[in-house]
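These notes are about the structure you will find just below.
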């Protein structure tokens, strides 16, 4: 297609120089056999689509159709028993704007994302650099950093629930060595969300470390040797060479971290159930509560639309704006 | 039309297999995670029932927590294949009725024996099982709140280790003696009343003692801002903030028994369902008592009921009634109570030889039964989870000091009234 187009453009004399005879011949042949060419191309398309079909069916059934159905559902009332759903226009959105718990969940989620994402990335990078150097017990360190990732979130949350127990939990026992009195970490409106942020960072940092570690291992040793010859300090080398070269990985990690901060609420179910007084309710947890505890499916659909729009905007923004500024090798 | 359809269906079946009567298979959703001791007990019951009743098969489906089981049952209903029988929270009654998911028992209980059976349960348990003059649930695994105390801690504080605080003032007085302070640190608290997950339930242990009710029988009105309710909340908040005998902030339900075993608290309030747990794990002698009284006495009931789902054939519902009757027979109710710690749901279960022997060896088991005469229905209304959340949020805000008890209960009442306005 593309070649043909270029050839035609040349043939039309755009380039302004005489056409080589062989090319002119090729164009003539191509146009004479265009019917055959169309058929073959059509077959290629069908072939391609057939290959895509299994994946496409799954995507449409489990991703696109539910998203569209959710969007449509947000304009209807919740069917209850004998009462079917009726079209209510923007009523659900109006109710959402008036719902203080929705705003609180959104605010909580923004605080949660704005804290977990940078903390996780910095920690993951730090750990990756640490275990990338030649160090006694390096494999053990790598294993230790990676272990939290392997554990299921429910198990992690149950462990941390006891870490945070007032008095005899690990957190209080460690702090009591410095004479700090016992705290009711999860039972206090001011500390509960921070406690959950720590759990999320602890859980995800090891996972992202693996990506950074893989990227670091791919990096050519010539770069550091050249930098050493030029007399660059290690910090300068990291800042000007290593970190820019890690940017594609950082983008990947960033997207995953953002998705995780809106997608993973298992620890909230185990540790606080959104309490005390909604201070740890994240958006997805609130959607679960509205959908499967209150059985207000229409309102849950409305909240889901907001979450989808938020995530889609962020993903698009990242790909469009950040992608341009990243150096791919 | 329906009888015609089932008649035709039956005729087709009869033609297809003229000699052998087809087995009736009942799907039975039960709220427990797969594996573990409870699953084995239920499997054992189902097998015994099938042996005694050839022709009926019980397909037990273990669906996780109460919440998971409700989600699965209602999702199955919406996809057109509801379970036949399920054990779900007694408080989900209004939700199940509003979803048009369940059918009342009354039309199916035709013989005198059936009618007598429906009346054989403790009235306290039936409060959450009946509304609008119909019976929607049959009590199965029910519980109440009781108070556990550490006898060693009582002795160390100079208190009579065999006497629990019997009223609110005594609870404060004992609590002050039991709280061990060392500078700003507290090594042992006087009392813990948990306040996460379902604080409203524990709160009912206080409101009932203050002679207040939280809702009407029809489940259309709540009374959260009545003075007696606010006073009960003030007492709860004061335990932490004024008397300083209870930790500040909300207290995690799940770790409260652990706090008790670790001697972090000398007294705890929790469900009778924890009796076996405490008996196995407490490293000290402990006592079990009724909740302390104030202007009255009492505790809410809790736990799960049998429900019958709609869309069952006459044949199936007859088999389902047979199964539920079998599961709640006095011997089984006694056996179930002994094995799990749930309160046996009918008086005659306590007269069985097995239960008498158990209570003689472990008198604490009878405390829950004796408290039943003071028990009230657990908070349950239309749009139940939303209304209870309004109350829970208010309770947690008050316990955290972000709202005064008055303000918290006024806000909760306003929100509950807003939610319930369409059910009047």
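The values are calculated or read from the model by the stated rules, or taken from the named source; none is laboratory data. Remember, predicted model here, so these are calculated numbers, not experimental data. Methodologically, a virtual Cβ is constructed for each residue, glycine included, from the backbone with ideal geometry; neighbour enumeration extends over all protein chains shown.
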Which of (1) away from chain B (no Cβ under 14 Å); (2) at pLDDT below 85; (3) surrounded by fewer than 19 Cβ atoms within 10 Å (Cβ to Cβ); (4) on the phi < 0 side of the Ramachandran plot is the odd one out, the single condition residue A:142 does not satisfy?
(3)
Any residue that is modelled with pLDDT of 85 or more, on the phi > 0 side of the Ramachandran plot and either out of contact with any helix residue (DSSP H, G or I) (no Cβ under 7 Å at 6 or more places or on another chain) or within 14 Å of chain B (Cβ to nearest Cβ) (or both) - is there at least one of those in the stretch A:236-257?
no
Would you mind listing the helices (runs of 4 or more DSSP H) fully within the stretch B:333-403 where at least 3 residues are crowded, with 24+ Cβ neighbours inside 10 Å, within 14 Å of another protein chain (Cβ to nearest Cβ) and in contact with a helix residue (DSSP H, G or I) (Cβ under 7 Å, 6 or more places away or on another chain)?
B:384-399
Would you mind listing the strands (runs of 3 or more DSSP E) fully within the stretch B:117-231 where at least 2 residues are within 14 Å of another protein chain (Cβ to nearest Cβ)?
B:180-182, B:185-192
For residue A:192, state whether it is within 14 Å of chain B (Cβ to nearest Cβ) and either in contact (Cβ under 8 Å) with a residue 40 or more places away in the chain or surrounded by 15 or more Cβ atoms within 10 Å (Cβ to Cβ) (or both).
yes
Yes/no for residue A:160 being more than 21 Å from the chain's Cα centre (by Cα), within 18 Å of residue A:116 (Cα to Cα) and either away from chain B (no Cβ under 14 Å) or in a helix (DSSP H, G or I) (or both):
yes
Among the candidates B:272, B:256, single out the residue that is within 13 Å of chain A (Cβ to nearest Cβ) and crowded, with 19+ Cβ neighbours inside 10 Å.
B:256
Within the stretch B:70-108, restricting to residues that are more than 20 Å from residue B:327 (Cβ to Cβ) and outside any helix (DSSP H, G or I), the one that is nearest to the other protein chains (Cβ to nearest Cβ) is B:100
Please note which strands (runs of 3 or more DSSP E) are completely contained in the stretch B:257-310 and include at least 3 residues that are in contact with a strand residue (DSSP E or B) (Cβ under 9 Å, 6 or more places away or on another chain) and within 27 Å of residue A:162 (Cβ to Cβ).
B:265-271, B:286-289
Quick check on the stretch B:372-385. Is at least one of its residues closer than 24 Å to residue B:296 by Cα and over 18 Å from the mean Cα position of the chain (by Cα)?
no
Residues of the stretch B:236-247 classified as in contact (Cβ under 8 Å) with a residue 60 or more places away in the chain and either at the interface with chain A (Cβ under 7 Å from one of its Cβ atoms) or part of a loop (DSSP other than H, G, I, E, B) (or both), total
5
Taking residue A:179, is it surrounded by fewer than 16 Cβ atoms within 10 Å (Cβ to Cβ), at pLDDT below 90 and not in a helix (DSSP H, G or I)?
yes
Among A:147, A:120, A:116, the single one that is exposed (fewer than 14 other Cβ atoms within 10 Å of the Cβ) and in a helix (DSSP H, G or I) is A:147
